[in-house]
Amino acid sequence: MNDDLDAVAVLHDPVRRALYDYVAAQGRPVGRDEAGQAAGISRTLAAFHLDKLAEAGLLEIDFMRLTDARPGPGGGRPAKVYRRARTARKVTLPERDYEQLAGLLAEVVHDLDADGRAIAAAGAAGRRLHRPGAWLQTLRERGYEPYDDGDRVRLRNCPFYQVARDQPLLVCAMNLALCQGVAGEEAAAELDPRPDECCVSFSKNKNR
């Protein structure tokens with residue numbers, strides 16, 4: 001837990017928090033120039049804070065060309081880019097392990113062949129969370145990070161990622177039911193998995 005606490009403490013600095021929030025919201029690698037412009041600081045200062053976020057394990061570093069320069073010799077050096085780290089951070093005082101309990105309960109549900117009841121319960125929970133005209137805000141508040149993608153609304157983050165890795169069929173089906181309940185009649189949810197994102201997306205065909 002100490003590593004997680006240290007990582008979260010890095011975000012106490014408002015500049016680092018702004019940089020982290022911006023990089024996390026893009027869903028793609030972000031260069032130093034872009035991040036600095038978004039946070040209203042110089043490229044040099046942005047590079048310093050981005051590297052500190054990477055040292056804390058909150059961002060991952062890669063190298064890629066950010067221009068249309070031709071590949072190969074003379075095509076320009078790859079730039080340092082950042083994306084949100086895949087490792088989740090959790091701080092509870094005193095220490096709690098709800099993820100392990102959730103995983104065990106998911107195993108029990110599956111072993112008892114009670115998947116249908118669990119999915120129905122998730123749908124009912126979603127309907128209790130539904131707020132007319134504010135379903136996207138509800139998803140934001142619950143950590144899904146919704147964003148527009150053409151004619152769909154996608155979810156950049158899966159709040160149940162740790163448990164879904166071990167029980168994907170059950171957890172994703174419950175997540176779908178929960179999300180549909182939150183959206184109500186305002187959008188149609190469906191399973192639409194993409195790498196490093198939530199498995200659910202919404203059609204914009206219905207009124208939002």
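The values are calculated or read from the model by the stated rules, or taken from the named source; none is laboratory data. Just so you know, these numbers come straight off a predicted model, no measurement behind them. Please note: Cβ atoms are built from the backbone with ideal geometry, for glycine as well, and neighbour counts cover all protein chains shown. Just the protein is used for accessible areas: all its heavy atoms, side chains included, with ligands, DNA and RNA removed. Shrake-Rupley method; radii C 1.70, N 1.55, O 1.52, S 1.80 Å.
Could you grab me the full set of residues in region 97-108 that are in contact with a helix residue (DSSP H, G or I) (Cβ under 8 Å, 6 or more places away or on another chain) and open to solvent by 60 Å² or more (accessible area, probe 1.4 Å)?
GLU99
Would you confirm whether or not region 172-187 contains a residue that is closer than 26 Å to GLN26 by Cβ, in a strand (DSSP E or B), touching a strand residue (DSSP E or B) at 6+ places or on another chain (Cβ under 9 Å) and among the hydrophobic types (A, V, I, L, M, F, W, C)?
Scanning region 172-187, I find no residue that is closer than 26 Å to GLN26 by Cβ, in a strand (DSSP E or B), touching a strand residue (DSSP E or B) at 6+ places or on another chain (Cβ under 9 Å) and among the hydrophobic types (A, V, I, L, M, F, W, C), so the answer is no.
What is the number of the single condition among (1) farther than 28 Å from ALA56 by Cβ; (2) of a type outside the set (Lys, Arg); (3) in contact with a helix residue (DSSP H, G or I) (Cβ under 8 Å, 6 or more places away or on another chain) that CYS198 does not meet?
Single failed check for CYS198: (1).
Within region 6-37, track down each residue that is open to solvent by 70 Å² or more (accessible area, probe 1.4 Å) and in contact (Cβ under 8 Å) with a residue 40 or more places away in the chain.
Selection gives ASP6, ARG28.
Does ASP111 count as open to solvent by 90 Å² or more (accessible area, probe 1.4 Å) and free of Cβ contacts under 8 Å to residues at least 24 places away in the same chain?
yes
What's the number of the only condition in (1) surrounded by fewer than 20 Cβ atoms within 10 Å (Cβ to Cβ); (2) under 18 Å from ALA24 (Cβ atoms) that ALA125 fails to meet?
Failing condition for ALA125: (2).
Mind checking whether some residue in region 157-166 is among the charged types (D, E, K, R), touching a residue at least 40 places away in the same chain (Cβ under 8 Å) and in a loop (DSSP other than H, G, I, E, B)? Step through it out loud before you land on a result.
Taking region 157-166 and keeping what is among the charged types (D, E, K, R), we get 165-166.
Of the ones still in play, those that are also touching a residue at least 40 places away in the same chain (Cβ under 8 Å) are 166.
This time we only want the ones that are in a loop (DSSP other than H, G, I, E, B), so: 166.
Taking every residue of region 157-166 in turn, at least one turns out to be among the charged types (D, E, K, R), touching a residue at least 40 places away in the same chain (Cβ under 8 Å) and in a loop (DSSP other than H, G, I, E, B).
Which ones in region 38-50 are touching a Lys or Arg at 6+ places or on another chain (Cβ under 7 Å) and crowded, with 16+ Cβ neighbours inside 10 Å?
If the condition is that a residue be touching a Lys or Arg at 6+ places or on another chain (Cβ under 7 Å) and crowded, with 16+ Cβ neighbours inside 10 Å, then ALA46, ALA47, HIS49, LEU50 are the ones that fit.
Quick grid of which residues meet (1) open to solvent by 60 Å² or more (accessible area, probe 1.4 Å); (2) small (Gly, Ala, Ser):
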residue	(1), (2)
ARG156	no, no
ARG165	yes, no
CYS172	no, no
LEU176	no, no
CYS179	no, no
ALA183	no, yes
GLU186	no, no
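Scan region 58-75 for residues that are open to solvent by 20 Å² or more (accessible area, probe 1.4 Å) and modelled with pLDDT of 65 or more and jot them down.
GLU60, ILE61, ASP62, PHE63, MET64, ARG65, LEU66, THR67
Pick out the one residue from PRO94, PRO132 that is open to solvent by 60 Å² or more (accessible area, probe 1.4 Å) and modelled with pLDDT under 90.
Numbers: PRO132 fails: modelled with pLDDT under 90.
Exactly one residue qualifies, and that residue is PRO94.
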